[in-house]
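S.K.: First, the structure itself, so that you have it in front of you.
The values are calculated or read from the model by the stated rules, or taken from the named source; none is laboratory data. This structure is a prediction, so every number in the text was calculated from the model and none was measured. Cβ: placed from backbone, ideal geometry, glycine included. Neighbour counts: every protein chain shown.
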Amino acid sequence: MAGPSTPQTPPAGVGGAGPAGDRGRPVGRRVVLGMLGLGAAGVVAGRRIGDGVAAVARPLTSRAPAGLASLVPGGDGFRIYTVTDGFPADDPATWRLTVDGLVATPATYTLADLQAMPRTRLVRDFQCVTGWRVPGVAWEGVTLQALIDRSSPHPAATAVRFESFDGTYTESLTLAQAARPDVIVADRMQGRPLSDEHGGPARLYVAPMYGYKSCKWLSRITLTPRVEPGYWETEGNYDVDAWVGASNGRDDPATG
Amino acid sequence: MTTPPPAEPGGPAALTRFDRAERVAHWVTAGLVVTLAATGAALSSGTLMALVGRRRAVELVHLAAGLALPLPVLVGLAGRGLRADLGRLNRWSSDDVAWLRAALHAAAERRRRHAGLVVGKFNAGQKLNAAFTAGAGLVMLGTGVIMYWFHPWPLAWRSGATTTHDWLALAVVVVAAGHVRFALRDPEALRSMRTGRIGRDWAARHAPGWLAEQPRPGEAATAQPAAAEPAAAEP
């Protein structure tokens with residue numbers, strides 16, 4: 001395109017506004033380029049801006065109805081994922097968690113059973129591989145290791161598969177990953193019973209890994225001879241070992 | 001051929017405001033934007049996700065519509081009408097700047113300040129809307145690509161892309177709603193995006209600088225409007 005024109009430029013037939021000879025300046029192009037610059041700045045600096053906005057908004061949005069807060073970007077921080085029709089709500093009174101597979105003693109737990117076991121509380125970030133992050137979420141539940149140990153895994157077991165009662169979503173960890181103290185079956189979040197949209201009555205929370213490992217609506221834990229890739233690892237190009245900051249194409253430090 | 005019958009709104013002396021390529025590009029883009037807004041709302045709102053579910057399918061529809069977004073305009077560039085109009089939208093006269101400043105004032109003062117300013121085929125508000133929409137579309141496309149094909153990008157960039165995508169989406173919805181509101185308040189202008197034709201009276205009220213470029217009604221029968229436009233610059 002031509003550079004900025006001067007008032008002496010002959011009429012060129014575009015614009016048609018202003019005195020004869022005023023072809024005008026390419027303001028449109030400058031606005032577009034300016035927005036591209038702002039967009040690039042938003043990508044590079046947006047995490048800090050987004051965290052700041054979320055921190056300012058949290059006292060307001062935490063009191064607003066949950067649905068309202070979720071319409072505002074960064075409202076309650078979480079984006080809700082479900083890969084089936086709606087949320088597969090289950091009655092906490094009838095919900096059961098099964099531990100089976102390569103174990104000596106399969107077991108079934110009620111919510112009350114989990115609440116009677118030694119409890120673990122973690123305050124950790126929830127980081128999605130696509131970029132969004134909720135800082136400092138309070139999680140409460142029992143360690144996965146405690147549940148596995150109670151069923152005495154067979155020596156041939158090297159991995160754990162998790163099933164959601166949505167009937168579709170699965171995830172997995174190696175037995176060593178599952179033994180970490182920051183991997184829990186959580187039934188409380190932010191001081192409240194885990195809601196349907198966050199995967200209640202209970203979900204997995206794998207603190208050192210991206211969110212897709214933290215299987216929601218957990219109903220079954222199966223000890224397996226080898227790692228079986230989960231839902232997003234089969235559907236999309238997601239790493240099975242999903243360490244935050246050390247997988248999925250990057251080995252830079254985790255945000256926050 | 002887009003030549004309307006004499007009964008067409010605007011009468012036989014009506015002007016061609018948008019040619020067929022521009023109209024098709026407009027409506028296909030509009031359909032894509034509505035699809036993107038609906039699927040994007042479901043992806044970012046837990047309340048809507050609860051109603052819709054099937055995140056993977058919603059993601060793929062959103063992705064396809066987003067990647068297709070530039071295509072109608074790129075294809076439309078093959079037509080002379082869209083190229084000429086993009087040139088008009090890009091160029092701002094000093095009157096355009098004055099017009100936009102005046103638009104910030106209350107109605108009476110705005111009318112006083114607008115008097116005497118030459119408005120061409122597009123006023124400065126339409127030019128600003130076009131530039132914003134083009135820039136926003138490109139930024140949404142770029143940030144969306146980072147969010148979907150996340151592997152090459154640092155985690156902080158993925159977060160920044162998400163934040164930028166979210167907030168710009170809100171701005172786009174607000175601006176697009178304003179665009180629709182203006183269209184609904186001016187049925188003749190809205191109809192011209194369907195039929196391509198607009199009356200000389202309308203042009204005299206809203207785009208006098210453009211009307212002055214047009215051949216007079218007597219000449220219109222012999223000159224093809226699209227071909228005559230670029231040559232008719234003398235006010």
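S.K.: Looking only at the range B:141-151, count how many residues are more than 7 Å from chain A (Cβ to nearest Cβ), surrounded by fewer than 21 Cβ atoms within 10 Å (Cβ to Cβ) and in a helix (DSSP H, G or I).
M.R.: Adding up the residues that qualify gives 3.
S.K.: On to the next question. Checking A:Leu122 against (1) touching a helix residue (DSSP H, G or I) at 6+ places or on another chain (Cβ under 7 Å); (2) within 26 Å of A:Ala55 (Cα to Cα); (3) more than 14 Å from chain B (Cβ to nearest Cβ), which single condition isn't satisfied?
M.R.: (1)
S.K.: Moving on to the next point. Being crowded, with 18+ Cβ neighbours inside 10 Å, β-branched (Val, Ile, Thr) and without any contact (Cβ under 8 Å) to a residue 60 or more places away in the chain narrows it down to one of A:Thr143, A:Thr110, A:Thr120, so name that one.
M.R.: A:Thr143 is the lone residue from the list that is crowded, with 18+ Cβ neighbours inside 10 Å, β-branched (Val, Ile, Thr) and without any contact (Cβ under 8 Å) to a residue 60 or more places away in the chain.
S.K.: Pick out, from the range B:80-131, the helices (runs of 4 or more DSSP H) lying fully within it that include 1 or more residues that are out of contact with any strand residue (DSSP E or B) (no Cβ under 9 Å at 6 or more places or on another chain), within 22 Å of A:Pro26 (Cβ to Cβ) and more than 12 Å from chain A (Cβ to nearest Cβ).
M.R.: B:80-90, B:94-103
To keep it simple, each residue is scored yes or no on (1) in contact with a His (Cβ under 9 Å, 6 or more places away or on another chain); (2) surrounded by fewer than 17 Cβ atoms within 10 Å (Cβ to Cβ).
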{"site": "B:Arg17", "(1), (2)": "no, no"}
{"site": "B:Ser45", "(1), (2)": "no, no"}
{"site": "B:Val58", "(1), (2)": "no, no"}
{"site": "B:Ala64", "(1), (2)": "no, yes"}
{"site": "B:Pro70", "(1), (2)": "no, yes"}
{"site": "B:Arg113", "(1), (2)": "yes, yes"}
{"site": "B:Gly116", "(1), (2)": "no, yes"}
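S.K.: So for the range A:39-48 (the condition being at pLDDT 55 or above, more than 9 Å from chain B (Cβ to nearest Cβ) and either surrounded by 15 or more Cβ atoms within 10 Å (Cβ to Cβ) or more than 26 Å from B:Trp210 (Cβ to Cβ) (or both)), does at least one residue qualify?
M.R.: Among the residues of the range A:39-48, not one is at pLDDT 55 or above, more than 9 Å from chain B (Cβ to nearest Cβ) and either surrounded by 15 or more Cβ atoms within 10 Å (Cβ to Cβ) or more than 26 Å from B:Trp210 (Cβ to Cβ) (or both), which makes the answer no.
S.K.: Follow-up. Looking only at strands (runs of 3 or more DSSP E) that lie completely in the range A:107-188, which have at least 3 residues being small (Gly, Ala, Ser)?
M.R.: A:133-143
S.K.: Checking B:Leu138 against (1) surrounded by 20 or more Cβ atoms within 10 Å (Cβ to Cβ); (2) at the interface with chain A (Cβ under 8 Å from one of its Cβ atoms); (3) of a type outside the set (Lys, Arg), which single condition isn't satisfied?
M.R.: For B:Leu138, the failing item is (1).
S.K.: Right, next: Consider only pairs whose beta carbons are under 6 Å apart and that are at least six residues apart or on different chains; among these, list those whose first residue lies in the range B:195-212 and is crowded, with 19+ Cβ neighbours inside 10 Å and whose second residue is of a type in the set (S, T, N, Q) and not in a helix (DSSP H, G or I).
M.R.: B:Gly196/B:Thr2; B:Gly196/B:Thr16
S.K.: I'm checking my understanding of the structure. Among residues of the range A:129-140 that are of a type outside the set (Gly, Ala, Ser) and within 8 Å of chain B (Cβ to nearest Cβ), which one is surrounded by the fewest Cβ atoms within 10 Å (Cβ to Cβ)?
M.R.: Per the stated criteria, the residue is A:Thr130.
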